[in-house]
Structure formats: structure tokens, C-alpha cells
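Below is one structure, written out as C-alpha cells; comments come after it.
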Amino acid sequence: MREPPAKHDPFAQMRTNQKFNEGSNLATLIYGLSIGWLSPNLILMSSDDSPLTTGKITSEEQGTVGSIGTIGCMLAPLVCGWVAEIAGRKSALMLIGVTQLVSWAVMPFATNLSVIYASRIFGGFAGGGTMSIVPLFVSEISEDRIRGTLGTMLAISCNVGILLGFIISHYVNYWAVTYLALLLCVVYSLGCCFLPESPQYLFIKKKKEKAIKALRFYRGEEAESETSQFTAEVARFKDIHNVGTPKKKDSNQIHIKDFLTRSRWKPILICVIVIMFPAGSGSIPLMTYTERIFQESHSNLSPAISSIVVAMLQLIGSYVSTMTVENAGRRVLLVVSTLGCAVCTTTMGTYTFLQAMHVEVDWFRWVPVASMSALVFINAIGIGIVPFIIMTEILDPKIRGSVVTFCLLEFSGVAYLVVKYFPIAVEQLGMHSCMWFFSCCCVASATFVLTCMPETKGKSFEQISESLNGGKKSGHKDVAPTAV
């Protein structure tokens, strides 16, 4: 007799999925290393001790090194998205591994800016691919009830990499991060070879047997014991697959009209706006120019120690997000995170304004470290990762790939502008003006979440779509299985 559902371990599937989620998120950790490597080494390359044969770099060149990676980020969603649809999610993950390997393999020969530019572009491509493919892959192999928790592992992995990059660059040497990253790239690429394809993708491609086999692999103990939950999930996928069998030859092809229906343009608009939240919070230029910001604010801690403290708090914040995303919900985390970031940037802006006005601030030199540390902590709780989770949850599977690609292009473009022109804006307008601008963006973000965005915690795509349509069920029967 089959065991009753009550005896089923509710955490077994989470443990199984988390194991494979950590494997795919190794790519995110490697990308985090490239971010953590950048800030301290920008200071090194602009000093008299620069390891470059061309000598120390200028402020303009610092901006280029910091922002040029976003060119690769803009290309990645197009290329990786196409590979993910044509060859599969697994192939896209392997492509990310190859580009990461290339980006770090050239670093031992980086004695001039041209090589560093090339490395940053390849690394940016890998980062953009990671942000577009890993969340999609994780959402497709996980259940609704733990999807958010597994999705936040993306932020934890990235922040671990950033922290390691800061620490190793400060306390070991210029090249140590490179050798660690190369080792991890090899491990990641080999690990991808043993991962099965996404069950959702196999259902879309009408490979039922392989899809069920892959689903059994990712569900682990739950599948082995043939629980009613696993059987129901297989039945649901089969039912969706049968319903989605095209009556017309081109039913799976995307047309412009697919983006114009009311049930689809509203979530598209939400994604287009929400994806700008991270850039508007000020966290991106902060992590890129961490040491420079602390140098200019004359903090009572050294820039090196300050940056490590910031990275540690960002990591703690992402861990807190993992613990709360399925309990507090996406909307709560976003509102708390955006308003918290607004307070932090306002505080930092006020401090630097008083400093510019030559007001005595010796008793408040702890403010820069405290406010920026709080900023990255609060940012990591919600605004830094939740927008990427939401994109995979509220979009119709038929148009998801195209819209996510566009949103990631948008994110990369905005990030490029912010990182490229932040040093110029600080010089022309002052640090306080930049911080107050970010504060206004955060308040606007919180207002949008409160008025326009639905809660997606623990809901299937059908339930989310129904809430977006005011309780009306979506009539799309030509879609592929949901990837949520």
C-alpha cells in the first residue's frame, strides 16, 4: 500500500533541489568574484603601483573598466536566450561556463587595458547569461512552494563571490582571484555535463518520457516513493502538454499580437519597471566604486576594511532574504527594501552635503560606513534579487523568454549608464546630489509596488495571472507548461 501523504517529508524535495540549485549558482559565485575583484583593483591600477605596463589609469579609464562589462551583459540575454530555446537550458548554462573560463583565462596576460577590457566584456557576458538563465532554470526545476527560496540563492552565491573577491584582492595579491576563478570555472563546466535538461523545456519540446525522467531526478526522494504530490505534478504537466498540443501548425510561434492582450501587457509593464529598481537604488555604483566612495567620504575606517564590511553585510542580507521570501512575500520585501534604501541614501547624501558645506562632521565619520552598509544589507533583502524572481513568475510562458531578454537588455543598459556616468556626476553635481537622486528613485519604486504589483508568493502562474486580471481566468490554452 502506498504511504499516506502525511508521512512524506516536506523538506526532502527542497534539499534535493537545493543541491542542484547550488551547482547552477556556482556560475553566479564566479560572476561575484569578478565584481569583488574590480573595486580594489581599480584603486590599484590608478595608483603608482599599477601592475599595468602602461602605467596608472585615469578616472575616465576607471569608468570604462567599470562599465564595459555591461556590453557583454546586453549581448548575453540575446545569445543565451536563443541557445536556451533552441538547444536547451543545459546548453545555455554550459555556454556561460565557457565564456567565464575565457574571461579569467586571459587575466594572467592582462598587462594592458585592452586585455582587461576584453576580459570584462566576456565576464559581463557570463554575468548577463547567469542572470537570465539561472533564475529560469531554477524556476523550472523547483516546486511553487520553494521557488522563491531557491531563487534567492542566486543573490547569496553572487555575494559570496563579491566578498571573496574583496578579501583575496586586499590580503593576497592581484592574481589570486584569477586562479581561484579558473578552478571554479572548470568545476562548474564539468558539473553542468551531469545535469539533466529542465523538465519544463522537455515538455515544451514534446519529449514526455525524458521530461518525466528529468522531473524524477530533480524531485529525488519524493519521486522515488511515488508520492501523490509527485504523481499529481506529472499528471498536471501531461495535461498541460496535451492541451497545448497545437491545433494549428504555428501555435507555438510568437506573434506581435501575443504581447498586446490585456492579460499579457500588464505583467510585461510590471517587469519593465521593476527591473530598473536595482539600478535606481544606488547599489550598483556602490559595489563598483566602493573604495572610491569611502575615500571621498573620509570615513573613520580604511576603504579596504569598509568595503569588506559592506560585502559581508550584503551577504547576510541575501541570507535573510532566503529565510523570508516565502514567508514575508515579494511585495513586503520590495517595499521594505526600497524605503530602507531611500533612508540610507538620504542619510549619506545629507552627510556629504554637510561635508561639502564645510560643516564639522568629525563626530559623524561613522555615518558613511553605517549608511552604505545598511544600504547593501537592505538592498540584498529585496530589491537586489526579487525583481529577477518576479520576472519568471508573472510572465506567460509563451512570451517569457522574449520579455525576460528585453528586460535584461534594459537592466544592462541602465546599469551601464549609471556606472559609466556616476564618477562624472559626482564631480559635476557632488556626491550628495547623486545620493538624493537615488533616494527619490527608491521612493518611486515603493509607490509602484504598493499600487501596481501583485503578490506572487507560493502561487502558480495561473493564480498570478488571475489576480492580475482582477479575478478573471486567463484564456490562453496555447501556452507551454508553466515554468513556475
Taking Thr99 as the residue in question, decide whether it is buried (at least 16 other Cβ atoms within 10 Å of the Cβ), over 20 Å from the mean Cα position of the chain (by Cα), part of a helix (DSSP H, G or I) and among the hydroxyl-bearing types (Ser, Thr, Tyr).
no
Could you check segment 150-184 and list, in sequence order, the residues that are crowded, with 22+ Cβ neighbours inside 10 Å and modelled with pLDDT under 80?
Leu150, Gly151, Thr152, Met153, Leu154, Ala155
Among (1) closer than 19 Å to Ser142 by Cα; (2) modelled with pLDDT under 70, Pro199 falls short only on (2)
Looking at segment 270-292, which of its residues are in a loop (DSSP other than H, G, I, E, B) and open to solvent by 10 Å² or more (accessible area, probe 1.4 Å)?
Met276
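Among the residues of segment 105-125, is there at least one that is under 23 Å from Thr392 (Cα atoms), of a type outside the set (S, T, N, Q) and surrounded by 16 or more Cβ atoms within 10 Å (Cβ to Cβ)?
Yes, segment 105-125 has at least one match.
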Qualifying helices (runs of 4 or more DSSP H) (wholly inside segment 378-484; at least 2 residues being surrounded by fewer than 16 Cβ atoms within 10 Å (Cβ to Cβ) and modelled with pLDDT of 85 or more):
397-429, 431-452
Which numbered condition Gln295 fails, given (1) at pLDDT 80 or above; (2) surrounded by fewer than 19 Cβ atoms within 10 Å (Cβ to Cβ):
(1)
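The values are calculated or read from the model by the stated rules, or taken from the named source; none is laboratory data. What you see is a predicted model, and the numbers here were worked out from it, not measured in a lab. Positions of Cβ are generated from backbone atoms using ideal geometry, with glycine treated the same way; all protein chains shown enter the neighbour counts. The protein model used for the area step is the full one, side chains on, heavy atoms only, and it has no ligands, DNA or RNA in it. Shrake-Rupley method; radii C 1.70, N 1.55, O 1.52, S 1.80 Å.
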